[in-house]
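Undergrad: Sharing a structure, written as structure tokens. Questions coming.
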Amino acid sequence: MHHNFLFDLDMTLLDFHASERKALEIVINASGLKFTEDTYLLFKEKNKSLWLELEKGNLTRTELFRQRFMYLFEQSEGDHSELDPLKVNDEFIYTMSINGVLMKGALEFVQKLKREIPDARIYIASNGATINAEGRIKSTGLDKYIDKIYVSEWMGVAKPSPEFFDMCLEDIAEPKDTCIMIGDSLTSDMLGAKNASITSVWFMPQGDIEGSMKKYEIDYCASSFDDLFEVLRKWSEKM
């Protein structure tokens, strides 16, 4: 048996917001619209609300992609009458995919995990676009330490659905107690782990930590990569 670590990607190992802002500025300027800091803040707020609707099953991925850029076009200075929101979305995803940014200390943490925990296997379990996830992982060098990537786009289901984790666990083909989910999101990572009945670690917790841990039945919390390594080391030693 192995120690199977399932990591969320964005804001757990990669700095999603840094890549997102850079890519958005590039594609908005290339589309002939004016990019400002407010442009990014508006996009980020709208995007977050749309992903929450997707997690609830109220929205398709295509509609999410269309809506977020139609909204942004309407909020930006410039003529957007000839712009195709889905085409701009594709350009945005590709641009993000070649501009990955690691969370500070993430690469060293993953290297240490592979080096010091016996039989460690590292998986990515992420909602999003496949090209975006795979491209950013490769552009940062993180791909050298990842055993497999599970992305909602090609799987056809998204966290927190039990089906997402069922597919991951079936492919890993080892008992649930050898698997642990690590992520920053309560509504996808922690709820998903709860739905799948696997051990969970809430990374970089914020807000009502005690209340959230009870609500989502979270097993562990970690506020830094040093904390996270110790949590995972102790968990692995119990097996």
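The values are calculated or read from the model by the stated rules, or taken from the named source; none is laboratory data. Remember, it's a predicted structure, so these values are computed and weren't measured experimentally. All Cβ positions, even for glycine, are placed from backbone atoms using ideal geometry, and neighbour counts span all protein chains on display.
Undergrad: Looking at (1) surrounded by fewer than 18 Cβ atoms within 10 Å (Cβ to Cβ); (2) over 16 Å from I117 (Cα atoms), find the lone condition where S188 falls short.
TA: (1)
Undergrad: Another question about this same structure. State all residues of the range 174-187 that are touching a strand residue (DSSP E or B) at 6+ places or on another chain (Cβ under 9 Å), in a helix (DSSP H, G or I) and in contact (Cβ under 8 Å) with a residue 24 or more places away in the chain; if no residue qualifies, say none.
TA: If we filter the range 174-187 for residues that are touching a strand residue (DSSP E or B) at 6+ places or on another chain (Cβ under 9 Å), which is where we start, we get 174, 176-186.
Right, trim to in a helix (DSSP H, G or I) and you get 176-178, 186.
D177, T178, L186, listed by residue number.
Undergrad: May I pose another question? Specify which of the listed residues (I149, I124) is at pLDDT 95 or above and surrounded by fewer than 22 Cβ atoms within 10 Å (Cβ to Cβ).
TA: After ruling out the rest, the residue left standing is I149.
Undergrad: So, one more: Within the range 198-207, is even one residue touching a residue at least 40 places away in the same chain (Cβ under 8 Å), on the phi > 0 side of the Ramachandran plot and in contact with a Ser or Thr (Cβ under 8 Å, 6 or more places away or on another chain)?
TA: So far as the range 198-207 goes, yes, one or more of its residues are touching a residue at least 40 places away in the same chain (Cβ under 8 Å), on the phi > 0 side of the Ramachandran plot and in contact with a Ser or Thr (Cβ under 8 Å, 6 or more places away or on another chain).
Undergrad: Looking at the range 155-177, is at least one residue of a type outside the set (S, T, Y), surrounded by 20 or more Cβ atoms within 10 Å (Cβ to Cβ) and under 15 Å from M11 (Cα atoms)?
TA: Within the range 155-177 (the criterion being of a type outside the set (S, T, Y), surrounded by 20 or more Cβ atoms within 10 Å (Cβ to Cβ) and under 15 Å from M11 (Cα atoms)), the answer is no, since none of the residues qualifies.
Undergrad: Return the residue satisfying two criteria in turn: it lies in the range 127-146 and is small (G, A, S) and touching a Ser or Thr at 6+ places or on another chain (Cβ under 9 Å), and of such residues it is surrounded by the most Cβ atoms within 10 Å (Cβ to Cβ). Explain how you work it out, then say what you get.
TA: So in the range 127-146, the residues small (G, A, S) come out as 128-129, 133, 135, 139, 141.
Those left that are additionally touching a Ser or Thr at 6+ places or on another chain (Cβ under 9 Å): 128-129, 133, 135, 139.
Details: G128: 19, A129: 22, A133: 26, G135: 21, S139: 18.
Here the answer is A133.
Undergrad: Name the residue, out of L113, L86, that is assigned to a helix (DSSP H, G or I) and under 26 Å from G156 (Cβ atoms).
TA: L86
Undergrad: Under 8 Å between Cβ atoms, at least 6 apart or on separate chains: pull out the pairs that start in the range 139-153 with a residue that is farther than 18 Å from T95 by Cα and end on any residue that is assigned to a helix (DSSP H, G or I) and of a type in the set (F, W, Y).
TA: Y150/F164; S152/F164
Residue-by-condition table, conditions (1) touching a residue at least 12 places away in the same chain (Cβ under 8 Å); (2) crowded, with 20+ Cβ neighbours inside 10 Å:
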| position | (1), (2) |
| --- | --- |
| M11 | yes, no |
| L14 | yes, yes |
| K22 | yes, no |
| E25 | yes, no |
| I28 | yes, yes |
| Y40 | yes, no |
| E45 | no, no |
| S49 | no, no |
| E53 | no, no |
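Undergrad: Got a sec? Which of R136, R121 is touching a residue at least 12 places away in the same chain (Cβ under 8 Å) and over 17 Å from the mean Cα position of the chain (by Cα)? Step through it out loud before you land on a result.
TA: Working: R136 fails: over 17 Å from the mean Cα position of the chain (by Cα).
Exactly one residue qualifies, and that residue is R121.
Undergrad: Exactly one of (1) in a helix (DSSP H, G or I); (2) surrounded by 13 or more Cβ atoms within 10 Å (Cβ to Cβ) is unmet by V201. Its number?
TA: Against the list (1) in a helix (DSSP H, G or I); (2) surrounded by 13 or more Cβ atoms within 10 Å (Cβ to Cβ), V201 comes up short only on (1).
Undergrad: Scanning the range 10-69 for residues that are outside any loop (DSSP other than H, G, I, E, B) and among the β-branched types (V, I, T), which turns out nearest to G192 (Cα to Cα)?
TA: Top of the filtered list is T62.
Undergrad: Identify, please: which residue in the range 94-110 is of a type outside the set (A, V, I, L, M, F, W, C) and assigned to a loop (DSSP other than H, G, I, E, B) and is, among those, nearest to H2 (Cα to Cα)?
TA: Among residues in the range 94-110 that are of a type outside the set (A, V, I, L, M, F, W, C) and assigned to a loop (DSSP other than H, G, I, E, B), the one nearest to H2 (Cα to Cα) is G105.
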